[in-house]
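The values are calculated or read from the model by the stated rules, or taken from the named source; none is laboratory data. Treat the numbers as computed from the prediction; the structure is a model and nothing was measured. Positions of Cβ are generated from backbone atoms using ideal geometry, with glycine treated the same way; all protein chains shown enter the neighbour counts. These area figures cover heavy atoms from the full protein model, side chains too; ligands, DNA and RNA do not enter into them. Shrake-Rupley method; radii C 1.70, N 1.55, O 1.52, S 1.80 Å.
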Amino acid sequence: MNRMRRLRMNGILRDMVRENHVRAEELIYPLFVIEGENICAPVESMPGICQYSLDRLPEELERAAEAGIRALLLFGIPAHKDEVGSGAYDDNGIIPRAVRLIKERYRDMLVIADVCLCEYTSHGHCGLVRDGEILNDETLPLLARAAAVYAAAGADIVAPSDMMDGRVEAIRRALDREGFTDVPVMSYAAKFASAYYGPFRDAAHSAPGFGDRKTYQMDPANGREALREVEQDLREGADLIIAKPAMAYMDVIRDISAEFNVPVAAYNVSGEYAMVKAAAANGWIDERKVVMENLVGMKRAGAKMIITYHALEVAQWVREEM
Ligand code: PBG
Ligand code: ZN
């Protein structure tokens, strides 16, 4: 008889035949940086996550570096918002200043700058708005400007999350024109219009002031369309692809990684984090085991990297296991 259990009989053997692993060097830790002083404000819906002003950021960077985190994804929260999201492409805006600070103190930390307007616009949309409509082509130069400003500040990678068509090409052109030919574009290619972003919008003060994001983010029902999004972004010059959210979209991660020869990052988003934290706080699940199971599931689905708010703890756990 074929006995599948033979290879499960002891831990050494199980370790030996394990097909997928969560590794600290493949984790990306998102950070919220906020304008102001002496701020270390917990995000209520994301236990363990805070907004940091620049003077308090080094404490968290120290913890991250110590845990073995090697890559960060930065989101900025400006003091002032306006119709055109000026804070997103201001050389002295919150993100360029955060990038310079991180690069001064932690040269080896990989800094990924999220590129979008929604944290910076008074209406909270990811693009320019006219008569209630989110404009595509008029938004592209602003996104390209933001990407170039972040690269000039020292960002290692730029990650457009706006979902405007043609933004990868516009950003690639701007980077190349300004001499940043070696700065990769990590595109949120398959980004769904998801209710799982709720806690993030609290954290980043970026909820849309009217309507929703359904005219630019994807319909959760569409998997095949995600492949077209990825194909288009790769053609425009994307170097890395993000699929988002992760847990309800494992099939999308699987399909992208099977179809395209490009590293895929799974974004384990704020709502997924909040659900796990809430259940764990109630003692209903074993947090560590559930988190590791979720993340290894993303690896199994085909993700190369994982963007997760659990990163700091996971990096520590993974190290303990070694
Ligand atoms: C904004 C942006 C969002 C996230 C990353 N960038 C939210 C949104 O589209 O409203 C979500 C991340 C998360 O939920 O963790 N462009
Ligand atoms: Zn946005």
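Tell me the residue from Ala67, Ala79 that is open to solvent by less than 20 Å² (accessible area, probe 1.4 Å) and out of contact with any Cys (no Cβ under 6 Å at 6 or more places or on another chain), please.
Working: Ala79 fails: open to solvent by less than 20 Å² (accessible area, probe 1.4 Å).
Every option except Ala67 fails the conditions.
Among the residues of the range 268-279, are any away from ligand 1 (no atom under 16 Å from the Cβ) and either in contact with a strand residue (DSSP E or B) (Cβ under 7 Å, 6 or more places away or on another chain) or open to solvent by 70 Å² or more (accessible area, probe 1.4 Å) (or both)?
Just the residues of the range 268-279 that are away from ligand 1 (no atom under 16 Å from the Cβ), to begin with: 279.
Narrowing further to those that are either in contact with a strand residue (DSSP E or B) (Cβ under 7 Å, 6 or more places away or on another chain) or open to solvent by 70 Å² or more (accessible area, probe 1.4 Å) (or both): none.
Looking for residues that are away from ligand 1 (no atom under 16 Å from the Cβ) and either in contact with a strand residue (DSSP E or B) (Cβ under 7 Å, 6 or more places away or on another chain) or open to solvent by 70 Å² or more (accessible area, probe 1.4 Å) (or both), one finds none in the range 268-279, hence no.
Test Arg228 against the criterion of being away from ligand 2 (no atom under 12 Å from the Cβ) and surrounded by fewer than 22 Cβ atoms within 10 Å (Cβ to Cβ), and give yes or no.
Details: away from ligand 2 (no atom under 12 Å from the Cβ): yes; surrounded by fewer than 22 Cβ atoms within 10 Å (Cβ to Cβ): yes.
Here the answer is yes, as Arg228 does meet what is asked.
What's the number of the only condition in (1) open to solvent by 20 Å² or more (accessible area, probe 1.4 Å); (2) within 14 Å of ligand 2 (Cβ to nearest atom); (3) part of a loop (DSSP other than H, G, I, E, B); (4) of a type outside the set (Ser, Thr, Tyr) that Gly127 fails to meet?
Result: Gly127 fails condition (1) only.
Asn38 - would you say it is under 30 Å from Ser122 (Cβ atoms), open to solvent by 50 Å² or more (accessible area, probe 1.4 Å), among the polar types (S, T, N, Q) and part of a loop (DSSP other than H, G, I, E, B)?
Details: under 30 Å from Ser122 (Cβ atoms): yes; open to solvent by 50 Å² or more (accessible area, probe 1.4 Å): yes; among the polar types (S, T, N, Q): yes; part of a loop (DSSP other than H, G, I, E, B): yes.
So Asn38 fits the description; yes.
Where residues in the range 66-100 are of a type outside the set (Asp, Glu), more than 19 Å from the chain's Cα centre (by Cα) and in a loop (DSSP other than H, G, I, E, B), which of them is farthest from Ala204 (Cα to Cα)?
Asn92
Return the residues of the range 171-189 that are part of a helix (DSSP H, G or I) and in contact (Cβ under 8 Å) with a residue 60 or more places away in the chain; say none if nothing qualifies. Walk me through it before giving the result.
Narrowing the range 171-189 to residues part of a helix (DSSP H, G or I): 171-177.
Selection gives Arg172 alone.
Identify, please: which residue in the range 101-124 is in contact (Cβ under 8 Å) with a residue 60 or more places away in the chain and over 20 Å from the mean Cα position of the chain (by Cα) and is, among those, surrounded by the fewest Cβ atoms within 10 Å (Cβ to Cβ)?
Once the filter is applied, the top-ranked residue is Ser122.
Residues being crowded, with 23+ Cβ neighbours inside 10 Å, within 15 Å of ligand 2 (Cβ to nearest atom) and of a type outside the set (Lys, Arg): count how many of those fall in the range 151-167.
So the first thing to find is which residues in the range 151-167 are crowded, with 23+ Cβ neighbours inside 10 Å, and the list is 151, 155, 158-160, 162-164, 167.
Those left that are additionally within 15 Å of ligand 2 (Cβ to nearest atom): 158-160, 162-164, 167.
Remaining after also requiring of a type outside the set (Lys, Arg): 158-160, 162-164.
So the answer is 6.
Residue by residue, here is whether (1) assigned to a loop (DSSP other than H, G, I, E, B); (2) away from ligand 2 (no atom under 16 Å from the Cβ); (3) open to solvent by 10 Å² or more (accessible area, probe 1.4 Å) holds:
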{"residue": "Leu142", "(1), (2), (3)": "no, no, yes"}
{"residue": "Ala147", "(1), (2), (3)": "no, no, no"}
{"residue": "Glu169", "(1), (2), (3)": "no, yes, yes"}
{"residue": "Lys191", "(1), (2), (3)": "no, no, yes"}
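Restricting the search to the range 204-224, which residues are within 13 Å of ligand 2 (Cβ to nearest atom), within 22 Å of Met275 (Cα to Cα) and open to solvent by less than 80 Å² (accessible area, probe 1.4 Å)?
If the condition is that a residue be within 13 Å of ligand 2 (Cβ to nearest atom), within 22 Å of Met275 (Cα to Cα) and open to solvent by less than 80 Å² (accessible area, probe 1.4 Å), then Ala204, Ser206, Ala207 are the ones that fit.
Looking at the range 149-163 only, could you name the residues that are within 12 Å of ligand 1 (Cβ to nearest atom), under 13 Å from Ala88 (Cβ atoms) and not in a strand (DSSP E or B)?
If the condition is that a residue be within 12 Å of ligand 1 (Cβ to nearest atom), under 13 Å from Ala88 (Cβ atoms) and not in a strand (DSSP E or B), then Ser161, Asp162 are the ones that fit.
Go over the candidates Asp156, Asp182 one by one and state the one that is at pLDDT 95 or above and touching a Leu at 6+ places or on another chain (Cβ under 7 Å).
Going through Asp156, Asp182 in turn, the sole match is Asp156.
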